[in-house]
Amino acid sequence: MSQKNKRKQQKKRSSRTRKPAISLTAATADKHVLYQRSVQDAEITQEFMDEIFASRRSDRALSLREDFCGTALLCAQWVKSHNERTAVGLDLDRDTLNWGMANNISPLGDAAARIQLKCQDVLDAAPGNGFDIVVAFNFSYFVFKQRQVMCQYFKNVHTAMNDGGLFILDLHGGPDAQFRMEEPTDMGEFDYVWDQDQFCPITHNTLCHIHFHFRDGSKMRNAFTYDWRMWTMPELRDILSEAGFSQIDAWFDEDNGNDEYAICKTTENMEAWVAYLAAWK
C-alpha cells in the first residue's frame, strides 16, 4: 500500500510529533517508538472514532476493545480522553504488550487501572461485559486469509459488543496496493519505508515490510513484516452482514488528501486509498 494515503489521515500530527534530532541509529533506536511516530496518531484516531460513533448515536462511547492492540497506544489515549472510559487491549505478542504496559499504560498513573491488556487470540476472546466500540486498525485483521475464519472473527466481535455498538475497521486498496514498491517517508531523524514485497492476483496474498533508514546510513530492515490477504470492501461488507451486523457504513476521503472522511455510497477509484468500515450491532 502507498502509505502516503495512510498518513493523510494523520497529517495534522506531523509538526508536533517530530522531535529534535537525537542522532538515532539502527543500533540505538527502539522499533516500537519508531512505529508509533511513523504510523500512529492515537489522539486523531480517537477523535475520529468519536466522530463515527456520533454519526448514529447521541451518547458517549465509554468502553473500548482494541484488537491486535500492539503497544496499546490507542487504549492509553482512549482512557486519557475521558475519566469514565475503559479499554481492553488484545494481542498475541507478550513482549509487545509488556513494552506497551511499561511505556504507554503505566505512565498514565491512576488512569492505568482502567485498562486491561490480555495476551490472547482475538478468535478466542471471551465476550466480556460488552463494548461500545471494538476496533481493528492498521489492517491487522488481514492476517485472516480464509473467509470462514474472518467470519468467525466478526461473529466474535458482534457477540462481544453492546446493543447499538460500533465495530471499526480500516482497509486499503487501489491499483498501487497491488504492485511491488518501496515508499520512503521523511520523519526527520529517520525515513519510514513501506515495502510492498509481494502480491498475488489469484489469492490476493501480500507480503509487506516496514524498514527504518537513519541519517548515519544505518538501516533497520524488516522491523515489521506482514503476511496478509488483501481483502476488498465488498467482501468485508458481505462477511460483516453475515456475522450479524445490521448497518455497515463506508467512510471514504473522496478528496484523497483533505482528511475529510464521510459516509459514501459510491465513489471514484484512486491509485491508492485508505477507507474505514463502521459496522453497527
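The values are calculated or read from the model by the stated rules, or taken from the named source; none is laboratory data. Predicted, not measured: the structure shown is a model, and the values here were computed from it. In this analysis, Cβ positions are derived from the backbone assuming ideal geometry, glycine residues included, and neighbour counts consider all displayed protein chains.
For this structure, a couple of remarks:
- Of the strands (runs of 3 or more DSSP E) that lie entirely inside segment 130-206, those containing 2 or more residues that are more than 23 Å from Ile263 (Cβ to Cβ) span 181-186, 190-199.
- Top-ranked residue of segment 217-246 - restricted to ones that are part of a loop (DSSP other than H, G, I, E, B) and modelled with pLDDT of 95 or more, ranked as nearest to Cys151 (Cα to Cα): Ala243
- The residues in segment 271-281 that are crowded, with 18+ Cβ neighbours inside 10 Å and outside any strand (DSSP E or B) can be counted, and the count is 2.
- Whether a residue is in contact (Cβ under 8 Å) with a residue 12 or more places away in the chain, surrounded by 23 or more Cβ atoms within 10 Å (Cβ to Cβ) and in a strand (DSSP E or B) was assessed, and Leu74 does not pass this test.
- Which listed residue is free of Cβ contacts under 8 Å to residues at least 24 places away in the same chain and either among the polar types (S, T, N, Q) or more than 24 Å from His158 (Cα to Cα) (or both), from Ser106, Ser140, Ser81: Ser106
- Test result for Cys208, within 19 Å of Leu169 (Cβ to Cβ) and of a type outside the set (Val, Ile, Thr): yes
- Among (1) surrounded by 15 or more Cβ atoms within 10 Å (Cβ to Cβ); (2) more than 25 Å from Val33 (Cα to Cα); (3) touching a strand residue (DSSP E or B) at 6+ places or on another chain (Cβ under 9 Å) - the single one Val193 does not satisfy: (2)
- Residue ID - modelled with the lowest pLDDT, chosen from residues in segment 247-262 that are in contact with a Phe, Trp or Tyr (Cβ under 8 Å, 6 or more places away or on another chain) and part of a loop (DSSP other than H, G, I, E, B): Asn256
- Residue pairs whose Cβ atoms lie under 7 Å apart, sitting 6 or more positions apart in sequence or on different chains, and linking a residue in segment 36-50 that is crowded, with 21+ Cβ neighbours inside 10 Å to a partner that is assigned to a loop (DSSP other than H, G, I, E, B) and polar (S, T, N, Q), are Asp41/Gln10.
- Among all positions in segment 165-172, there is at least one residue which is among the β-branched types (Val, Ile, Thr), touching a residue at least 24 places away in the same chain (Cβ under 8 Å), closer than 24 Å to Phe48 by Cα and out of contact with any Lys or Arg (no Cβ under 9 Å at 6 or more places or on another chain).
- All positions within segment 263-273 that are among the aliphatic types (A, V, I, L, M) and at pLDDT below 95: Met270, Ala272
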